1. If R₀ is 25 angstrom, what is the calculated FRET efficiency for the pair Glu185 and Arg136, using the beta carbon separation as r and rounding to 0.05?
2. For the modelled label position 7 Å from the Cα of Thr50 along Cα-to-Cβ, which residues of the range 255-271 have backbone nitrogen atoms closer than 15 Å?
3. Work out, step by step, the length gained on full extension between Gln37 and Ser315: first 0.36 nm times the residue separation, then minus their alpha carbon distance; give nm to one decimal.
4. With the crude spin-label approximation of a point 7 Å out along Cα→Cβ, what separation in nm comes out for Ala329 versus Glu101?
5. Using Cα pairs closer than 8 Å and at least 6 residues apart in sequence, work out the relative contact order for the range 126-239, in percent.
6. Once the piece of chain linking Asp60 and Arg337 is laid out straight, how much longer is it, given 0.36 nm per residue of separation minus the C-alpha distance between them?
7. Given just the C-alpha atoms of the range 178-219, how large is their convex hull per residue in cubic angstrom?
8. For Leu234, enumerate residues with amide H under 5 Å from its amide H, sequence gap 5+ or separate chain, H modeled in the peptide plane.
Amino acid sequence: MRHAVLPALLLALLAGCAPAPDDNGERIVVYSSRVEQLIQPIFEAWTRETGVGIDFITADDQPLIQRLQAEGASSPADLLLTVDAGNLWNAAERGLLRPLESEILDSRIPATLRDPAGHWFGLSIRTRTIIYAPDRVDPATLDSYEALAEPQWRGRLCLRTSKKVYNQSLVAMLIEQHGEPRAEEIVRGWVANLATDVLPNDNQVIEAVAAGRCDVGIVNSYYFGRLVAQRPDLNARLFWPNQQAADGTRGSGVHVNVSGAGVTRHAPRAALAQQFIEWLTSPAAQELFAGLNYEYPVNPDVPLDPLVASWGTFSQSQVNVARLGERQAAAVMLMDRAGYR
Ligand code: FE
């Protein structure tokens, strides 16, 4: 009976129907591009605490957003949970999310990490930063994303493909900070410095650095966290770029993105879904949500996972992550012009 509202086909796809804590008969439906092992423990904690069950499906961002759009007003989904502000922005642009007013969310989430209009909210911070091989690179020679375009890095840089939204958001930030002509110059410099063809994922960038195929790369720090948790002697280190400007003032900061969520436009249980997002910003949920994947809690009052804390402190970009979505189409065209495949 508890799944009576859901069509049979959807039920068959609901990965989250595995044994879960008993619920009180109330359930919400989550569409998630975050993978099952990172969300199931959190969903179970919420159900234990509130008695509200969660049914979910997981899929890649674009199919999930397209599905939500195709289902329209008959969608069973209450909540979209996804990664990258570009995806959240895109879902909001298509009118798939409803604006929320929540003092809890506004007070717990820094303003740069949520939609100014309230359609979506960052729940964990993901830093896209520089990785280097400590046996071949003196970190004193590293400085910024921009500096990786300089000739001293010729034949020494590894990058993931430009098709990945993470790099589209990074270039969107460069456009936001420098304008397109300068951003294109930087990207052209990166391409000229590549040691290998672009790689399919961040893990391969880290492995290539560790194995000596290149000396530096750009990756999300949680991939490094996952690898180094298993291989503490991995020949790779993180570097926090853009901490200081040339004139000694504060730099533009490390590029950050978010994983986040929004309540769907046609959510059958919108009030419950909002309560769930609010709960996700509470300290206990934040520790789980960020810690399970070596990410940073979005709520600044929440302690870091010890491994993440060991990477030290840094200042982060103060560009609102919503701008990354707005600039993404321009970023894709710019990377294409610059020959970044
Ligand atoms: Fe990722």
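1. 0.45
2. 261-264, 267-271
3. Extra length from Gln37 to Ser315 when fully extended: 97.1 nm.
4. About 3.1 nm, to one decimal.
5. Rounded, it is 46 percent for the range 126-239.
6. Fully extending the segment from Asp60 to Arg337 adds 97.0 nm.
7. Convex hull of Cα atoms, per residue: 78 Å³.
8. Long-range HN contacts for Leu234: none found.
A short reminder: the numbers here are calculations on the coordinates, not readings from a lab. Because the structure is predicted, anything quoted here is derived from the model rather than measured. Counting neighbours? That spans all protein chains shown, and the Cβs are built from the backbone with ideal geometry, glycine included.
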